[in-house]
Amino acid sequence: MKQADEIKFLQRLVAENRLSRRKFLSTTMAMGVGAMAPALYSEAARAAPKRGGRLRQGLTGGATSDVMDPGKILDSYMINLQFGQLRNNLTEVAANGELAGELAESWEANADATQWIFKIRKGVEFHNGKTLTSQDVVDTLKHHYGEKSSSGAAGILTGVDNVKADGPNTVVVNLKGGDADFPFILSDYHILICPSNGDGSIEWQSGIGTGGYSLVDHDPGIRSLTKRNPNYWKEGKAHFDEIESLGLEDPSARTTALRTDVVDCIQKVELKTAGRLGKLPGVNVIATTGNKQVTLPMRTDTAPFDSNHVRMALKLIIQRQDWLDKIAFGYGELGNDNPIGPANLYRASTAELPQREYDPDKAKWHLKQAGMDSLSVEFHAADTAFAGAVDAGQLMRESAKPAGINIDVIRQPNDGYWSDVWLKKPWCACYWSGRPTENWIFSQIYAADAPWNDTIWKHERFNKLLVQGRAELNTEKRRDIYIEMQRIVNNEGGVVLPLFLSDVMALNDKLAYPEQLGNNWELDGMKNAERWWFA
């Protein structure tokens, strides 16, 4: 082993609290490092997780209407609070993108993936001291599936036939058809395990969970305070004593809060100022790229968006490179009206699905096919939908004029946007953090009966393929199915998807974090409260 590699190995042992300062110094000095040994130790010790302190974070996406029902989680504030602090799933997507067990320590399927058996971790306690059992898991899953469920996860659990406990630590899930990706689905931030009430329902109101932090105070959309769970079952996680989450919707307010030491970290850094912010002393700006996407959903049950020719016209009047340069400031890549992102396995290549270009003449042709010489529509936007959403609407308004399309951009308030605008206005700005599997994102957003089908889109062939793709275990056949589904969404769907975005966050240099950050959600997969520490 080369000396440099040996030193890195010793530093890693220090960072993992497996090597004392005295032993490190004596070993490295014997290697001839000399006066550099103390500095090398300090570098390693700084990387070692330390317990203590209050993490203060500025978050977006909160609302005064937020509730503790995990099935009602709409945006990042409550994702971070519930998914990242208070509660756990059966499975989780690790920072490297692989699926790992969380409250489920193992799982296995039958030959056609129509039945899954999960072994529940023993010795885990809820914040109130109740021991986790299979009944808590069963009742939680029942809360999220079935015709009567109003959970945001209902769409991805439509394939569940029944769930039952088999002893105190085993759960059996029977599906209506095979689903090779089912354990991935159980990492969804809605499907957080809550204590059973003993009558088939769950106790979600108090915020009690099995997570690294328990709830102290909560003013919805404004401020939340949690404290470390002393009995947290994950060894070496949840290092802070307390987490204070502040709802800061305005990007300038978030930046100011970070610069004036009101908070330690912020999400959704204003992209046009990210470069300047990163040059300030004591501030680190970090970007991660996954499947986060800008979407402009059109309600296909509402005129004029019930005409696919109108939808195609609107897909053709966006100058996507302009959006990437002026809205995303280069933090992302072009979208192609297809929700399957760069981190997905079965994403269509440009050869399979050519990139859609700006073409106002072709947009005019589609309007004529719809019986129109011109078109006037309203587009509703707020910056909580995605940073620069209103500015993006203005760009779109200008690029639409050569096609005879007039777009009235209506700025909406950030507060209440997800409850009052999204799913209600015929055309609006939106974003999705993406999902790790094709079946997941298609089932949750594009399936005909999905509660979050924000385009109210129903396509017979697409929905038939969705069931086939979910059950297909042959990877080549599965890829063919998902490519066809992407083409259908691209050509007939109700979504305009101009960009995939990087997640850009900023934090002060007091904070330390693992070498690899999760990119499935913002803020280290929304697990920053669990994974980060003060240096």
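Observations on the model:
- For the chain, the mean residue ellipticity at 222 nm estimated from helices alone is -8000 deg cm²/dmol, where every DSSP H run of n ≥ 4 contributes -39500 (n - 2.57) and the total is divided by all residues, rounded to the nearest 500.
- When you filter the GluC sites (Glu not before Pro) in the stretch 123-229 for DSSP loop state and at most 13 other Cβ atoms inside 10 Å of their Cβ, you are left with E147.
- Reported to the nearest whole Å, the Cα centre-to-centre distance from the stretch 169-231 to the stretch 417-436 is 24.
- Under 25 Å from the Cα of K401 - lysines, other chains or at least 8 residues apart: K315, K326, K362, K364, K368, K425
- Per-residue Cβ neighbour rank within 10 angstrom, fewest leading, Y189, Y417: Y189, Y417
- Segment D361-A448, extension gain: residue separation times 0.36 nm, minus the distance between their alpha carbons: 28.1 nm
- Contact order relative to length of the chain, as percent, for alpha carbon pairs under 8 angstrom and 6 or more apart: 21 percent
- Taking the longest Cα principal axis of the chain as reference, the axis of helix 389-400 is set at about 30 degrees.
- In the frame of its principal axes, the stretch 3-47 has Cα extents of 24, 18, 15 Å, reported largest first.
- At q = 0.18, 0.20, 0.23 Å⁻¹, base-10 log of I(q)/I(0) for the stretch 14-128 (Debye sum, equal scatterers on each alpha carbon): -1.06, -1.15, -1.27
- Loop-resident chymotrypsin sites (Phe, Trp or Tyr not before Pro) (DSSP state other than H, G, I, E or B) in the stretch 1-97 with no more than 14 further Cβ atoms inside 10 Å of their Cβ are absent.
- Under the Karplus curve 6.51 cos²θ - 1.76 cosθ + 1.60, θ = phi - 60°, whole-Hz ³J(HN,Hα) for the stretch 301-310, x wherever Gly or Pro sits: 9, 10, 5, x, 6, 6, 9, 5, 5, 5
- Subtracting the Cα-Cα distance of A39 and N96 from 0.36 nm times their residue separation leaves 17.5 nm of extension gain.
- Taking only the Cα atoms of the stretch 88-208, the radius of gyration and Dmax are 13.5, 40 Å.
- Taking amide hydrogens as placed 1.01 Å from N in the peptide plane, the amide H of I202 sits under 5 Å from those of N197, each at least 5 positions away in sequence or on another chain.
- Alpha carbon Rg of the stretch 290-502, scaled by the compact-globule rule 2.2 N^0.38 Å: 0.97
- GluC sites (Glu not before Pro) restricted to the stretch 286-363 and DSSP loop, no more than 15 other C-beta within 10 Å: E352, E357
- The HN-Hα couplings worked out from phi for the stretch 195-202 by the Karplus form 6.51 cos²θ - 1.76 cosθ + 1.60 (θ = phi - 60°) are x, 6, 7, x, 10, x, 9, 10 Hz, whole numbers, x standing for Gly and Pro.
- Spatial separation of Cα centroids for the stretch 333-364 and the stretch 450-501, in angstrom: 14 Å
- On Cα atoms only, tilt of 37-47 relative to the major axis of the chain in degrees: 50 degrees
- HN-Hα J in Hz across the stretch 427-436 - Karplus 6.51, -1.76, 1.60, θ = phi - 60°, x for Gly and Pro: 8, 8, 8, 7, 9, 10, 6, x, 9, x
- Helix 134-144 axis, angle to the chain major axis (alpha carbon atoms, nearest 10°): 30 degrees
- Put in order of Cβ neighbour count within 10 Å, fewest first, the listed residues R254, R299 become R299, R254.
- (i) 4, 17, 27, 25, 17, 7, 2, 0, 0; (ii) 3, 14, 21, 21, 16, 9, 6, 4, 2, 1, 0, 0, 0; (iii) 4, 18, 25, 21, 15, 10, 5, 2, 0, 0, with the label sought being that of the calculated P(r) over Cα pairs in 10 Å bins from 0, in percent: (i)
- Between R259 and D480, the FRET efficiency estimated from the beta carbon spacing at R0 = 56 angstrom works out to 0.65.
- Antiparallel DSSP beta bridges within the chain, percent to nearest 5: 75 percent
- A Förster radius of 41 Å combined with the Cβ-Cβ distance from K234 to S349 puts the calculated FRET efficiency at roughly 0.55.
- Signed unit charges on C-beta, dipole axis of the stretch 1-142, positive-most listed residue L25, L103, P49: L25
No lab work stands behind these numbers, since they all come straight from the coordinates. For clarity, every value in this text was computed on a predicted model and none was experimentally measured. Because the Cβ atoms are built from the backbone with ideal geometry, glycine has one as well, and the counts that use them run over all protein chains shown.
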